[in-house]
1. Answer yes or no as to whether Gly78 is at positive phi and crowded, with 17+ Cβ neighbours inside 10 Å.
2. Answer yes or no as to whether Ala114 is touching a residue at least 24 places away in the same chain (Cβ under 8 Å), in contact with a helix residue (DSSP H, G or I) (Cβ under 6 Å, 6 or more places away or on another chain) and not β-branched (Val, Ile, Thr).
3. Could you list, in sequence order, all residues of region 114-126 that are within 15 Å of the chain's Cα centre (by Cα) and crowded, with 16+ Cβ neighbours inside 10 Å?
4. Go through the residues of region 94-111 one by one and say whether even a single one is over 21 Å from Lys187 (Cβ atoms), in contact with a strand residue (DSSP E or B) (Cβ under 7 Å, 6 or more places away or on another chain) and crowded, with 21+ Cβ neighbours inside 10 Å.
Amino acid sequence: MRRSWFRGARAVTAMRGLRVMRGLRVLRTLAVTGAMAVGGAGVLAPVAALTVAGSPPPIVAAQSGLATTPLTISTASGKHRYTVELAVTPEQQQIGMMFRKTMPRDHGMIFPFATPRVLTFWMENTYLPLDLIFIGSAGKVVSVAADAKPMSREVLSSGVPANAVLELNGGEAARIGLKVGDSVTYKAAK
């Protein structure tokens, strides 16, 4: 009895190992071609930036303790003020808003990037519907992905180069009448 259980467990382990090896082969292929892969919070990153060996355990809880800064969005309807968390490091950006169940209306999270590029996100492990506001280097809104569906793997793209993404509660962009070209100001982390 014990012997057959052991063989069964070994077979399952071998099958899982084969899937992992296939996954590693895909990652290795992507890394050689310079392709992009999706990080945990939805940030698409160069595959070379993602580690497999010695990587940390899976993320299963919301992050806390991020620095905050005031942020103002100027629209035709006026100035709208928020307190936003700064997701500055690759690790902070990878986790983002994952696993959060609530967020006050006047709060959000901003993901600043050093150089403008087409930015892509997804909503895996994100329970809240969010508006993703893509901001260009001049501090102007370049595109908006409104009411992003929670837990979705659909890729949300800025479509044009941007160097920051602001995540607010879903529906907030419509509530304040946000349009492409509106101004966003905040103090970036040093």
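Read-outs: derived from the displayed coordinates by stated rules, not from any lab. Computed from a predicted model, the values in this text were never measured in an experiment. All Cβ positions, glycine included, derive from the backbone under ideal geometry; neighbour counts span all protein chains shown.
1. Working: at positive phi: yes; crowded, with 17+ Cβ neighbours inside 10 Å: no.
Considered against the rule, which asks whether it is at positive phi and crowded, with 17+ Cβ neighbours inside 10 Å, Gly78 comes out as no.
2. Details: touching a residue at least 24 places away in the same chain (Cβ under 8 Å): yes; in contact with a helix residue (DSSP H, G or I) (Cβ under 6 Å, 6 or more places away or on another chain): no; not β-branched (Val, Ile, Thr): yes.
No.
3. Scanning region 114-126 gives Leu119, Thr120, Phe121, Trp122, Met123, Glu124, Asn125, Thr126.
4. Restricting attention to region 94-111, the residues satisfying the condition of being over 21 Å from Lys187 (Cβ atoms) are 94-95, 98-102, 105.
Narrowing further to those that are in contact with a strand residue (DSSP E or B) (Cβ under 7 Å, 6 or more places away or on another chain): 105.
Checking the rest, the ones that are also crowded, with 21+ Cβ neighbours inside 10 Å come to none.
Within region 94-111, not a single residue is over 21 Å from Lys187 (Cβ atoms), in contact with a strand residue (DSSP E or B) (Cβ under 7 Å, 6 or more places away or on another chain) and crowded, with 21+ Cβ neighbours inside 10 Å.
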